[in-house]
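Below: the structure, in structure tokens.
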Amino acid sequence: MGWTEWLIILVVAALLFRPRGLGKSLGNVAGSFREGARSGPADGAEAGGGHSANTQQGQAVQPGGTSPADERTRLLAVLELPPDADDEQIRRAWRELAKVWHPDRFGQDAALKARATRRLAEINAAYEQLQRRAAP
């Protein structure tokens with residue numbers, strides 16, 4: 001058997017024996033590379049970045065024009081979680097995404113490594129902001 005056949009066997013075995021929940025993230029990695037990186041805090045300022053003293057549906061609006069609930073939802077979306085995720089789900093998603101997007105996994109490809117670095121910075125920033133909000 002040649003090296004290509006062994007590679008195919010290795011990939012199939014990895015897919016069959018991967019930890020539960022990891023497949024979704026790995027699929028998102030490939031999809032993100034095809035679709036381009038999402039914009040977020042690591043890419044620069046948010047759209048509509050002025051300070052506003054207005055309220056939105058009775059909630060104070062933060063700089064950038066988002067309410068605290070909208071900001072939490074956005075941060076959870078960065079971690080690929082639903083809006084009702086609890087602290088344990090947030091921690092598990094952060095650890096999983098950090099493993100998937102760690103720049104060291106992308107070898108010598110400078111473009112992929114740079115994209116992974118940006119994405120990991122976005123993931124870490126979202127996690128840190130969520131942890132700060134959860135702290136008493």
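The values are calculated or read from the model by the stated rules, or taken from the named source; none is laboratory data. This structure is a prediction, so every number in the text was calculated from the model and none was measured. Heads up, the Cβs are rebuilt from the backbone with ideal geometry, glycines too, and the neighbour counts pull from every protein chain shown.
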* To do: Go through ARG95, ARG105, ARG133, ARG118 for me and flag whichever is surrounded by fewer than 14 Cβ atoms within 10 Å (Cβ to Cβ), of a type in the set (Lys, Arg) and in contact (Cβ under 8 Å) with a residue 60 or more places away in the chain.
  => ARG133
* If we scan segment 46-58, do we find a residue that is of a type outside the set (Ser, Thr, Tyr) and either in a helix (DSSP H, G or I) or at pLDDT 50 or above (or both)? -> no
* Structure fact -> Pairing a residue in segment 81-92 that is free of Cβ contacts under 8 Å to residues at least 60 places away in the same chain and within 17 Å of ILE123 (Cβ to Cβ) with any residue that is assigned to a helix (DSSP H, G or I) and β-branched (Val, Ile, Thr), where Cβ atoms lie under 7 Å and the two sit 6 or more apart in sequence or on different chains, gives LEU81/ILE90
* Which residues, counting only those in segment 96-112, are under 15 Å from the mean Cα position of the chain (by Cα) and either of a type in the set (A, V, I, L, M) or farther than 24 Å from LEU81 by Cβ (or both)? -> LEU97, ALA98, VAL100
* **Scope segment 111-136; condition of a type in the set (A, V, I, L, M, F, W, C) and in a helix (DSSP H, G or I); matching residues** => ALA111, LEU112, ALA114, ALA116, LEU120, ALA121, ILE123, ALA125, ALA126, LEU130, ALA134
* Go through segment 83-110 and give me each residue that's over 23 Å from SER67 (Cα atoms), outside any helix (DSSP H, G or I) and not small (Gly, Ala, Ser). => HIS102, GLN108, ASP109
